[in-house]
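Each remark here refers to the structure printed beneath this line.
Derivation of every value follows stated rules applied to the coordinates shown; laboratory data play no part. Fair warning: this is a prediction, and the values are worked out from it, not measured in the lab. Here the Cβ positions follow ideal geometry from the backbone for every residue, glycine too, while neighbour counts run over all protein chains shown.
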Amino acid sequence: MVEKTGRRISVRSSVIASQIEVHRKYGGVVPEVAAREHVLAILPVINEALETAGISSKDIDLIAVTKGPGLITSLIAGMETARALAFAWKKPVMEINHVEAHIYSNFIEPQHPILLPAIILTVSGGHTGLFLMDKAGRTKLIGETLDDAAGEAYDKGAKMMGLPYPGGPQLAKEAEKFKKTGKTSQLVFPRPMLKDSSLNFSFSGLKTALLYQLKQDKDWKKRRPEYCFSYQEAIIDVLIGKATKALKKHPAKTMMLSGGVSANQELKSKMALSLAESFPGVNFIFPPLKYTTDNAAMIAAAASFKLKTGKPLTFERLRVSPSLQLK
C-alpha cells in the first residue's frame, strides 16, 4: 500500500512472505514449490497489508500486479489472485513489469532528490540491465546480459564453493573476511565484455573460469574467502564499468542502483567512489535495504507512476508476459 507525492513514494504497509527457508534445503528455487507457497501465502499477506495500513478494499483505488518476467508458475498465482480481487472488489488493475518495478523502488523514500535524466543499473538473480530514464520519466533498455545475470553468477559461484543458499549474501560475507586481512589476492578472474563498446553484459564465462580454477586448486577450501573476494571483485568491476560507460554515452544527473544485488555493500561503496571520482555532479541513489529484493511495495510504486501514461485494465485483460522490454 503506497502513496505518491511528486517523485517520492511513501509506504503505508509492506508485508513480505519469504520462501528462503523453504528453498534452502534444495539449494535454490524450485518453481513448483515456489508457486505452491505463493498460493498459500498470498491472501493472508494481502489481508495483513490491509490491516497494517488501516484500510479496507473500499479505500483502494487500483490493484497492481506483476506480469513478468519471472517464474511463470509464480506469476500465474499472482495474476489470478489479482484477477479475482479486481472482479470481487470492482477495481481497475495495472500490469507491471517486474524489472521496471525494481527501478521504481528507488523512488521509495529516496535519500536524495531524483533528478532526470537518470541511468539505472538493475541487478538481480534473474536479470541484469541498464536503463535510461529521460526527463519525461520514460524508460528504455540500453543494455542487458547476453546470458546469465550477475545475481545468478553470485549464487552459482557460491554454490560451487559450498556456501549455503541464498549464495550471494554468503559469498559477500566470505569476501569481506579476506578484505579485512589487508592482503592482495593472487587470483585473477576475467572481466567479461568490460572492454566491449556495447552496454551489454556476460557472466557465463566468469562462472566457467571459477569452476576450472577450483578444479585445478586442490586446496581451494583453505582459500575460500580469497576466492570469494576475487570473484566478487570481477563481478563488481564489470557492473561499475558498464554503468559508467552508460553515463558517458548518455549524460545523466542521477545514477540509480536496483534489484536484489543492490543490497551488496561492496557494490554500493565502490559505485559511490567511482561516481565521486569520475562524475562528481551525479546523484547516486539506491533503494532502502528492505525494498531491494522482490516486494509488493515496488510494484505499487511503479503503478503510481505508470498511471500518468498507461491506462488500467479490467480483470479480463490481464496477461502474464516474460519480456524484459519496458512498455
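By how many nm would the segment from SER198 to GLN216 grow when fully extended, if each residue of separation counts as 0.36 nm and the alpha-carbon distance is taken off?
Once the chain is fully extended between SER198 and GLN216, it gains 3.2 nm.
What number, rounded to the nearest 500 deg cm²/dmol, is the helix-based mean residue ellipticity at 222 nm of the chain, given -39500 (n - 2.57) per DSSP H run of at least four residues and division by all its residues?
About -14000 deg cm²/dmol.
Which residue, HIS127, HIS250, HIS102, has the most motion in a Gaussian network model of the chain that connects Cα atoms within less than 10 Å?
Residue with maximal mean-square fluctuation among HIS127, HIS250, HIS102: HIS250.
Using Cα springs under 10 Å in a Gaussian network model of the chain, which residue among SER202, SER258, SER18 shows the largest mean-square fluctuation?
SER18
Would you calculate the separation in nanometres between label points at ASN47 and ALA276, each defined as 7 Å from the Cα along the Cα-to-beta-carbon direction?
Inter-label distance under the simple model: 4.9 nm.
Which pairs in the list LYS135/LYS195; LYS183/LYS268; LYS173/LYS195; LYS195/LYS218; LYS195/LYS268; LYS156/LYS183 are over 27 Å apart, alpha-carbon to alpha-carbon?
Exceeds cut-off: LYS135/LYS195; LYS173/LYS195; LYS195/LYS218.
What distance in nm separates the simple spin-label points at LYS311 and ARG36, each placed 7 Å from Cα in the Cβ direction?
Between LYS311 and ARG36, the simple spin-label model gives 4.2 nm.
Extending each Cα 7 Å along its Cβ direction at LYS248 and ILE76, get the distance between those two points in nm, one decimal.
Roughly 4.7 nm, to one decimal.
Among ASP59, ASP294, which comes first, second and so on when ranked by fewest other beta-carbon atoms within 10 Å?
Sorted ascending by nearby Cβ count, the order is ASP59, ASP294.
Rounded to the nearest 5, what is the percent of antiparallel bridges among the DSSP beta bridges in the chain?
50 percent
For the chain, with a Gaussian network of springs between Cα atoms less than 10 Å apart, report the residue from PHE178, PHE286, PHE203 with the top mean-square fluctuation.
PHE178
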